[in-house]
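Down below is the structure, laid out as structure tokens.
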Amino acid sequence: YRTNMSNESKQQYESQLIESELNKLLVSARRVTTEENVQQIIKAFHLANNAHEGMIRKSGEPYIIHPISVARIVADEIGLGSKSIIAALLHDVVEDTDITLEDIERQFGKKVASIVDGLTKLSPPSTTSRSQQADNFRKLLLSMIDDTRVILIKLADRLHNMRTLDSMPEYKQFRIAGETLFIYAPLAHRLGLYSIKSELEDLSLKHEHPKLFNE
């Protein structure tokens, strides 16, 4: 990611990057839903983009790139529809911004708000203990009872985080990789998402045993 540029050039670059990633998402969305629903997706993007304004990921990219990327995984690699794409775009706003579930329900309906609520409750545990990981695993399974889309979007979220894990400190890479192997890869397998399961395993092993991958 580019760092040695003026503020004006950086803002222009970030705007172009966001626009490019959004356009890719809209191409994906048009394959799985109607133009009317695409307009709702654009509306959700603007809400998320404004809410996350000024937030930067560890990679240096604008934070909004993450929810856009998760939404693209949801559309392209899992094949879910407009409500899931919208929920993916909004999956961090309740936890990280001033946007409330009531705001989401008012603009996008009860179902989208319910999915976002499920995703918010599945935030990563603050501890790395196996018992806490197991508890998180049970919560993930229980969430499937209400709406399987919650866990599918969570898997998309984890997949994008794993794809960009290099920007995290090494100790966090190791912890997140272990959690992914223990919780998320088995869930992907259970749900029949075999390519995602394989990629999660490969990325986890890469960060748990980096010397093997660098030889």
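Quick notes
- The sole residue among 175, 190, 163 that is within 19 Å of residue 149 (Cβ to Cβ), charged (D, E, K, R) and open to solvent by 50 Å² or more (accessible area, probe 1.4 Å) is 190.
- Members of region 1-14 found to be polar (S, T, N, Q), part of a helix (DSSP H, G or I) and either open to solvent by 70 Å² or more (accessible area, probe 1.4 Å) or modelled with pLDDT under 80 (or both), listed by number: 7, 11, 12
- In the set 17, 80, only one residue is touching a residue at least 24 places away in the same chain (Cβ under 8 Å), touching a Leu at 6+ places or on another chain (Cβ under 7 Å) and surrounded by 16 or more Cβ atoms within 10 Å (Cβ to Cβ); that residue is 80.
- Hey, residue 169 under 21 Å from residue 74 (Cα atoms) and either of a type in the set (Gly, Ala, Ser) or surrounded by fewer than 21 Cβ atoms within 10 Å (Cβ to Cβ) (or both) or not: no
- Of all residues in region 158-215 being outside any helix (DSSP H, G or I) and farther than 22 Å from residue 122 by Cα, the one that is modelled with the lowest pLDDT: 215
- Residue match in region 50-66 (condition: hydroxyl-bearing (Ser, Thr, Tyr), assigned to a helix (DSSP H, G or I) and free of Cβ contacts under 8 Å to residues at least 60 places away in the same chain): no
- Output for region 29-58, where each listed residue is open to solvent by less than 40 Å² (accessible area, probe 1.4 Å) and polar (S, T, N, Q): 33
- Qualifying residues in region 106-129 (those that are in contact with a helix residue (DSSP H, G or I) (Cβ under 8 Å, 6 or more places away or on another chain), open to solvent by 80 Å² or more (accessible area, probe 1.4 Å) and in a helix (DSSP H, G or I)) - the one modelled with the lowest pLDDT: 121
The values are calculated or read from the model by the stated rules, or taken from the named source; none is laboratory data. A quick note: this is a predicted structure, and the numbers were derived from the prediction, not measured. A quick note on method: Cβ atoms are made from the backbone with ideal geometry, for glycine too, and the neighbour counts reach across all protein chains shown. Calculation scope for accessible area: heavy atoms of the full protein, side chains included, ligands and nucleic acids excluded. Shrake-Rupley method; radii C 1.70, N 1.55, O 1.52, S 1.80 Å.
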